[in-house]
Amino acid sequence: MMFAQILWTQTKWTRAMVLGFAALAFLMPVGGWNLMASQAGGTSPEGFIMGFQLVGPLAAFIACLSGFLMAAYPWSLDHAANHVYPLSLPITWPSYVTQRFVAGAILLAIPAVALLVGCLLALSFIALPPVLHAYPVGFALRFFFATLLAYSLSFALQYLGGRRAAPLLLGALIAFLVTGVVLQVLGLEGLQAAIARLFLQWPGPFAIFVEGWRLVDV
Amino acid sequence: MTDAIRIRDLAWRAGREFAIRDLSMTVPTGAIYGFLGPNGSGKTTTIRLMLGMIPPADGTIEVLSHAIPRFCHRALARIGYVPEKLHLYGNLTVDESIRFHRAFYENFDNEEAERLRRRFALREDQLVSRLSKGEAGKLMMMLALSQRAELLVLDEPTDGLDPVVRREVLSALVEYVDSKKATVFISSHLVHEQERICDWVGVMDGGRLIAELPMQEFRSGIKRLRVSQAPAARDAAPFALLSREELTIHDEEWVVRGWQPEMREWFQRAGAEIREVQDLDLEESFVELLRGARVNSQEVK
């Protein structure tokens, strides 16, 4: 009952966002492949590959953005009243936060499903080698996990960091950039690149945003 | 019978400027407890501490026999809370807010909610963000009353409401208390409003509870005395001296708390004479209490 209401409010608050991202996710493969296929001279596997070169990074960006916004918006509504309402409900804070998190995570599946449907639809126009037939499912799953990671990070920062979340994030970013400049002055720029690799390359925690989106990653 | 709220040696601090200090308070079960104090005296902070929304630095809080903040969710299941400002989600309608709210309360009374919604003339499809201040106040009160709570904690529930809405809200509250025998903790700086409905009073100032007494005592126990040949010392006085002011060479004006007619003898023994005893209305009593507390705290400093 409680969770149903939390899910319902989450749906009401973010439905426009969810539908918008779902539409984008659906159109990405269809539009991307059509565009590339027409440039490559028909619905060919080459067009399909080129389409993915375009769609892949865009999908990573949309996953990141949707995850961040889907966590930030409901939080901002609670935050507007200093979280007085959830804190006054007869439910522990961890329980409330968990239910809010799960409700948002469920809704995140909608753009991923839309992406899968878009991929399958786009596939139906092209004669692909059998070995590539499973790719759309993997692509949609990757999109879902990337969205979930961005959502979890944003959610954790907002709910655990509270009003300090934005300054913390900004501070970390500035510290990273300043460190880069200092290291460059000291002739140690390789260290920053190593740190970036540590986070952005497999098995780094944010590798999913960077790697493996294109059909052929080189 | 246990107390509905029991706070001992509560302490809390926000930065260097504001602190709740050594706050001890007892709200008897079934009482309507008026929590008075000027703006910024710490009333809302005390309420938030009491409901487990912020953790205390020191001291103990028990609400409906539940230790706070550890078991605040258990206590909150039995408490109807109306905060100072609208806390509900602005992008839900009145009907959606009711549905959301009732999901969290086992004893939520749908029929009562519907009755109060009609009585308060709240439209079901109206967005909460579009409600006027009075309507928002009525919606929060309606939700709190529909929970069938044993304890109502109301933080300035009528502040900023027009007299008609204020009367509607207060009469719904009084009816509820009559029928449910609930305890009410009502914070306000509107002294006359408290006078009408409360049977206990606690007065906050500068983060301290400076007085806690039955309303009857508050109403009749604070007097302004015109004293002739007033004694310099007030050792062993049977009352609390809130303030004294020189009127003429011989006469002084004293404001005292806990006054009883037989206390004239104390003045006679000290060689003084009381020329006049004036009743203070509740607002004057409140102001004098605050003045006395501030003078005393400056003397201590």
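Quick notes on this structure:
- The stretch A:81-109 - residue that is among the polar types (S, T, N, Q) and over 28 Å from the mean Cα position of the chain (by Cα) and, of those, farthest from B:TYR89 (Cα to Cα): A:THR92
- Residue in the stretch B:24-36 that is within 14 Å of chain A (Cβ to nearest Cβ) and over 27 Å from B:ARG291 (Cβ atoms) present: no
- The residue that is farthest from A:TRP13 (Cα to Cα), counting only those in the stretch A:64-74 that are buried (at least 20 other Cβ atoms within 10 Å of the Cβ) and hydrophobic (A, V, I, L, M, F, W, C), is A:CYS64.
For every residue, the table says whether it meets (1) more than 20 Å from A:LEU24 (Cβ to Cβ); (2) out of contact with any Pro (no Cβ under 7 Å at 6 or more places or on another chain).
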| position | (1), (2) |
| --- | --- |
| A:MET50 | no, yes |
| A:GLY56 | no, yes |
| A:MET70 | no, yes |
| A:ILE91 | yes, yes |
| A:PRO94 | yes, yes |
| A:LEU121 | no, yes |
| A:ILE126 | yes, no |
| A:GLY138 | no, yes |
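- Per the listing B:ARG257, B:ARG275, the residue uniquely over 28 Å from the mean Cα position of the chain (by Cα) and not aromatic (Phe, Trp, Tyr) is B:ARG275.
- Look at (1) under 30 Å from B:ILE79 (Cβ atoms); (2) at pLDDT 85 or above and you find that A:ALA81 fails only one, number (2).
- Scanning the stretch B:78-110 for residues that are over 21 Å from the mean Cα position of the chain (by Cα) and over 23 Å from A:LEU77 (Cα atoms) gives B:GLU106, B:ASN107, B:PHE108, B:ASP109, B:ASN110.
- Those strands (runs of 3 or more DSSP E) of the stretch B:8-124 in which 2 or more residues are crowded, with 19+ Cβ neighbours inside 10 Å, in contact (Cβ under 8 Å) with a residue 60 or more places away in the chain and among the aliphatic types (A, V, I, L, M) occupy B:18-28, B:32-36, B:79-82.
- The condition of being free of Cβ contacts under 8 Å to residues at least 40 places away in the same chain, of a type in the set (A, V, I, L, M, F, W, C) and either assigned to a helix (DSSP H, G or I) or crowded, with 16+ Cβ neighbours inside 10 Å (or both) holds for only one of B:LEU152, B:LEU143, B:LEU173, that being B:LEU173.
- Matching option when the condition is out of contact with any helix residue (DSSP H, G or I) (no Cβ under 9 Å at 6 or more places or on another chain), closer than 25 Å to B:LEU51 by Cα and more than 14 Å from chain A (Cβ to nearest Cβ), among B:LYS138, B:LYS133, B:LYS181: B:LYS181
- Every listed requirement among (1) within 14 Å of chain A (Cβ to nearest Cβ); (2) within 30 Å of B:ARG294 (Cα to Cα); (3) at pLDDT 90 or above is met by B:HIS73 save one, (2).
- Condition met for B:GLY52 (within 9 Å of another protein chain (Cβ to nearest Cβ), out of contact with any Pro (no Cβ under 7 Å at 6 or more places or on another chain) and either farther than 26 Å from B:GLU193 by Cβ or polar (S, T, N, Q) (or both)): no
- Inclusion of A:GLY212 among residues that are within 30 Å of A:TRP93 (Cβ to Cβ), at pLDDT below 70 and of a type outside the set (A, V, I, L, M, F, W, C) is not warranted.
- Of the residues making up the stretch B:125-134, those that are surrounded by 15 or more Cβ atoms within 10 Å (Cβ to Cβ) and of a type in the set (Gly, Ala, Ser) number 1.
One line per residue, one yes/no per condition, for (1) farther than 20 Å from A:LEU69 by Cβ; (2) within 14 Å of chain B (Cβ to nearest Cβ); (3) in contact with a Phe, Trp or Tyr (Cβ under 7 Å, 6 or more places away or on another chain):
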position: A:THR92; (1), (2), (3): yes, yes, no
position: A:SER95; (1), (2), (3): yes, yes, no
position: A:GLY104; (1), (2), (3): no, no, yes
position: A:PRO111; (1), (2), (3): no, no, yes
position: A:ALA114; (1), (2), (3): no, no, yes
position: A:CYS119; (1), (2), (3): yes, no, yes
position: A:LEU123; (1), (2), (3): yes, no, no
position: A:TYR135; (1), (2), (3): yes, no, no
position: A:GLY138; (1), (2), (3): yes, no, no
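- Residues that are closer than 15 Å to B:HIS101 by Cα and among the hydroxyl-bearing types (Ser, Thr, Tyr) within the stretch B:126-146 comprise just one, B:SER146.
- Restricting attention to the stretch A:98-120, the residues that are within 24 Å of A:SER76 (Cα to Cα) and free of Cβ contacts under 8 Å to residues at least 24 places away in the same chain total 1.
The values are calculated or read from the model by the stated rules, or taken from the named source; none is laboratory data. Note that the structure is predicted; figures quoted are calculated from it, not measured. When we count neighbours, we look across all protein chains shown, and the Cβ atoms used for this are built from the backbone with ideal geometry, even at glycine.
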